[in-house]
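Engineer: The structure is given below, and queries will be raised subsequently.
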Amino acid sequence: MKLIENVSRRGFLQGSLASGVFVLSARFIPEPLWAAEGEAAATPFEPSLWMSIASDGTVTIVAHRSEMGCGSRTALPLVVADELDADWSRVRIDQAIGDPKYGEQDTDGSHSVRSSFDLMRQVGATGRVMLISAAAAQWSVSPKDCATEPHFIVHRASGRKLGYGEVAAAAAKLPVPKKEDVPLKPRSEWRYIGKESNSLFDLPEIVSGKAVFGMDATMPGMVYASVEHPPVLGQKIKSYDDKATLKVPGVQKTVTIQTFKPPHLFQPLGGVAVIADNTWAAFKGRKSLKIEWDSSPHAVYNSAPFRKTLEATSRKPGKLVRNVGDVDAAFAKGGKIIEAEYYTPHLAHVSMEPPVAVAEYRDGKVLAWAPTQNPQAVQETIAGVLGIKKEDVTCHVTLLGGGFGRKSKPDQVAEAAVLSKQLGKPVKVVWSREDDIHFDFFHSVAAMYMKAAIGPDGKPTAWLQRTVYPPINSTFDASATYADDEMGLGWNNLPFDIPNHRAENGPADYHVRIGWLRSVANIYHAFAIHSFADELAKAANKDSVEYLLTLIGPPRIVSLEYKEEEADEKQRYPLDTARLRRVVEIAAEKSGWGKRPMGKGRGMGIAAHRSFLTYVATVVEVEVDSKGQVHIPGVWTAVDAGTVVSPDNIRNQFEGAAVFGTSLALFGEITATNGIIDQSNFHNYQLTRMNRAPRHVDVHIVESEAPPAGVGEPGVPPFAPALYNAVFAATGKRVRELPLSKTKLV
């Protein structure tokens, strides 16, 4: 396994000492599969966790985040390499296992670079300072007279050079300098950060088919398992008949998994597992199972009446989450009143690689390989369901064939561990596409109510917004009905310059597993707010871009309520409307807004949203044909993500967000009948095909010296409202629900 090496700690240390390695690391090197432990080997210098240099000059950097196409496995080591002044071609990356010593490892929330950028700079710079000191001592000169160039220390006066590998052993003997004694490079000297030439470290292996994904992971002697889960959340097995299943060639046996108890967390769903020699036999054997399930309170869940319940709740006063001025008094003064209701259905993640994992339980310990966004969640979940210590669970992280938030929930890894304990051998659990869609942690269904009063100048004098949806916190608290923790996701931080504004949240019960999906609650919040903003523009007879800039108002820092633990974020990442205005202006300019004639059935729409501390404006052009089918000739997006590590990766993420956004805007809908999910595969839960994807996507990155912000998710929220606003411009028909495929446009 070339990219994710399986090397014993003892073997690594012995080899390191023999070759004179400089280790700026106390990193955990994965044990071989159930390697025997002998006496501890002598430990080289290990002042930090992240980086080492061998005597041949090879720089090894630990990636503690997962790679699912988001680029974090490249970006963070790239920052280390820049400050170290390493030759990127001589860098290798080790994927970290789950371990608390790396800090929080969850690759969610578009925060991998943001939360580790400064640390990674410090790691690289510390290594550079120590290498310079070692070389200076060898030359008997002052470190101040030395500098670096890629992979070499240079004595300025004499021109002498030493390679990093040549001084690695000597550097390992030096004391680690204090943070204040380690200068960071000025921006003008960055070699990699912000440069265009950075591609994914894993790209050659991925395109050549050599990369190791979760589906590729194996263990000696393993069996395969496919689990028939309860069709309704919370159901348990009353009885089952596996006679026909056991006759299928390759099927070994069936095993039951105990159904979880609320709150469901990331536990296995329960059911009957078919154990077989291969995946095909396990899948085929499952089809022959006959299972009788007991009742569940969630069997009452039907999407259509549940929608009516949400909408009715959204029309009633809810819990106050933000208040500016006096909305009631402002409405009482009159003006033109505009009201609108918006609705978004459940969405599924449907990453190309469905959930999969392999695990072995032995002697009270578990070894797992999984395409996970959060190996520490794997440890915690397995430890919880098996009653063992978290530190006795080792989780190796493979590459992920997509994630979008689904693969931070490790229920399938826990299934593999539970089954391995029962069977006494390694088990590989593979979910089918039908499993993936039926038993997802769904993006929540939501209803939003909007109301505004506009004055003679068309500007709002009052603005009221309510959102109602089953909260993600129901995953962790079965009694949760309010989305308290999600209000900062585009709801209680409206950036508009409105004198009287109130935001509320209404209660809603859950009936399926609810989880975060790429950009989370920002999807429905942005859809409602920015669709409504366009409705107000039309009611005021104003151009949409002009009106949006008026709503945003003059450049200023918007005052928001922050929790104490977010104080640092407030200081580093204030909500700056100047940055939001700028992306609106750029997107409008690049799209040719107002300058290109739009013929019959064509139109443009715009939306601008701040999420994950990044400012994004998107213009979508649509063409609605005579059959009412929507085509997307062009998308223009302007992005201010602060300091950028890899511009090429940002473009990749926002181009991908345009396709992802097209899927959810045009097709995405999960519904339930009597608690059972109606959709099962790509024939009835469609994704964007090539012929419906945007034909042209332009991404314009704003140069900024602000701290790095999120990249993987912020491109999604403004896409749907921009597209729907464009549909209105093209057809005159205002659509207020996702997906668009449900609405007849002609």
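Read-outs throughout are calculated quantities, based only on the coordinates presented, and are distinct from any laboratory measurement. Keep in mind the model is a prediction, meaning the values are calculated, not measured. Glycine gets a Cβ as well: all are built from the backbone with ideal geometry, and neighbour counts include every protein chain shown.
Engineer: Report, in debye and to the nearest 20, how large the dipole of the chain comes out about its Cα centre when Lys and Arg carry +1 and Asp and Glu carry -1 on their Cβ.
Structural biologist: 1300 debye
Engineer: FRET efficiency for residue 741 and residue 312, Cβ-Cβ distance as r, R0 = 25 Å, nearest 0.05?
Structural biologist: 0.50
Engineer: Subtracting the Cα-Cα distance from 0.36 nm times the residue separation, let me have the gained length for residue 199 to residue 689 in nm, one decimal.
Structural biologist: Here the segment from residue 199 to residue 689 would lengthen by 173.9 nm.
Engineer: Residue farthest toward the positive end of the dipole of the chain, with Cβ of Lys/Arg at +1 and Asp/Glu at -1: which of 634, 259, 577?
Structural biologist: Of the options given, the answer is 634.
Engineer: Roughly what percent of Cα-Cα pairs across the chain reach past 47 Å?
Structural biologist: Tail fraction, whole percent: 25.
Engineer: Using the Cα centre of the chain as origin and beta-carbon charges of +1 (Lys, Arg) and -1 (Asp, Glu), tell me which of 130, 726, 96 is placed farthest towards the positive end of the dipole.
Structural biologist: Looking along the dipole axis, the top candidate is 726.
Engineer: What share of the DSSP beta bridges in the chain is antiparallel, in percent to the nearest 5?
Structural biologist: That works out to approximately 75 percent antiparallel.
Engineer: Net charge near residue 73: determine it from the other residues with C-beta under 11 Å of the C-beta of residue 73, scoring Lys and Arg +1 and Asp and Glu -1.
Structural biologist: Result for the local shell: -2.
Engineer: Then there is this: So for the range 351-398: antiparallel DSSP bridges make up what percent, rounded to the nearest 5?
Structural biologist: 50 percent
Engineer: For the pairs 287/428; 538/744; 319/407, flag any whose C-alpha to C-alpha distance is greater than 28 Å.
Structural biologist: In this structure, 319/407 exceed 28 Å between Cα atoms.
Engineer: Let me know the shape class of the range 154-213, please: from the alpha-carbon gyration tensor, a ≥ b ≥ c as square roots of the eigenvalues, rounded when a/c is under 1.5, otherwise prolate if a/b is greater than b/c, or oblate.
Structural biologist: Here the range 154-213 falls in the prolate category.
Engineer: Considering only the other residues whose Cβ falls under 11 Å of the Cβ of residue 193, what net charge follows from Lys and Arg at +1 and Asp and Glu at -1?
Structural biologist: Value of the local net charge: +2.
Engineer: Shape of the range 507-614 from its Cα gyration tensor (a ≥ b ≥ c, root eigenvalues): rounded if a/c is under 1.5, otherwise prolate when a/b > b/c, or oblate?
Structural biologist: Taking the square roots of the gyration eigenvalues as a ≥ b ≥ c, the range 507-614 is oblate.
Engineer: Starting from the exponent 0.38 and prefactor 2.2 Å, build the expected Rg for the range 477-527 from its residue count and divide its actual Cα Rg by it.
Structural biologist: 1.29
Engineer: Tell me the chymotrypsin sites (Phe, Trp or Tyr not before Pro) within the range 473-536 that lie in a loop according to DSSP and have at most 16 other beta-carbon atoms within 10 Å.
Structural biologist: The qualifying sites are 476.
Engineer: Quote to one decimal, in nm, the extra length available between residue 543 and residue 149 on full extension: 0.36 nm per residue of separation minus the C-alpha distance between them.
Structural biologist: Gain on extension, residue 543 to residue 149, equals 136.5 nm.
Engineer: Remind me, relative contact order of the chain in percent, using alpha carbon pairs under 8 angstrom and six or more residues apart?
Structural biologist: After rounding, I find 13 percent.
Engineer: If you filter the range 337-433 for trypsin sites (Lys or Arg not before Pro), then keep DSSP loop positions with at most 13 other Cβ within 10 Å, what is left?
Structural biologist: Hits after loop and neighbour filter: 389.
Engineer: Let me ask something else about it. Using a/c under 1.5 as the rounded threshold, could you call the range 358-484 rounded, prolate or oblate? The axes a ≥ b ≥ c are square roots of the C-alpha gyration tensor eigenvalues, and prolate needs a/b larger than b/c, oblate otherwise.
Structural biologist: The shape class here is prolate.
Engineer: Could you please rank 400, 246, 265, placing first whichever residue has the fewest other Cβ atoms within 10 Å of its Cβ?
Structural biologist: 246, 265, 400
Engineer: Would you calculate the separation in nanometres between label points at residue 425 and residue 239, each defined as 7 Å from the Cα along the Cα-to-beta-carbon direction?
Structural biologist: 3.1 nm
Engineer: So, one more: Just rank 358, 129, fewest to most, by other beta-carbon atoms within 10 angstrom.
Structural biologist: Least crowded to most crowded, the residues run 129, 358.
Engineer: Additional query: May I ask for the net charge around residue 522, where only other residues with Cβ less than 14 Å from the Cβ of residue 522 are counted and Lys, Arg are +1 while Asp, Glu are -1?
Structural biologist: So the surrounding residues net to -2.
Engineer: Here is a follow-up. Using every pair of alpha-carbon atoms in the range 395-434, split the distances into 10 Å bins beginning at 0 and state the percent of pairs per bin, rounded to integers.
Structural biologist: Histogramming the range 395-434 at 10 Å steps yields 24, 54, 20, 1 percent.
Engineer: Hey, with R₀ at 35 Å, roughly what FRET efficiency would residue 181 and residue 106 work out to, going by the Cβ-Cβ distance, to 0.05?
Structural biologist: Step by step, r from the Cβ atoms, then E = 0.60.
Engineer: Using a 7 Å offset from the Cα along the Cα-to-Cβ direction at both residue 290 and residue 476, what is the distance between the two label points in nm, to one decimal?
Structural biologist: 4.5 nm
Engineer: Still on this structure: I'd like the distance separating the alpha-carbon centroids of the range 176-195 and the range 209-250, in whole Å.
Structural biologist: Centre-to-centre distance over Cα atoms comes out at 50 Å.
Engineer: Describe numerically, in nm with one decimal, the distance between label points set 7 Å from Cα along Cα→Cβ at residue 572 and at residue 485.
Structural biologist: 2.1 nm
Engineer: Counting other beta carbons within 10 Å of each Cβ, put 51, 487 in order, fewest first.
Structural biologist: Sorted ascending by nearby Cβ count, the order is 487, 51.
Engineer: Then there is this: What value, in deg cm²/dmol to 500, does the helix sum -39500 (n - 2.57) over DSSP H runs of n ≥ 4 give at 222 nm once divided by the residues of the chain?
Structural biologist: -8500 deg cm²/dmol
Engineer: Here is a further query. Report the paramagnetic label zone for residue 258: residues of the range 404-431 whose backbone N is under 13 Å from a point 7 Å from Cα along the Cα-to-Cβ axis.
Structural biologist: So the set is 418-419, 422.
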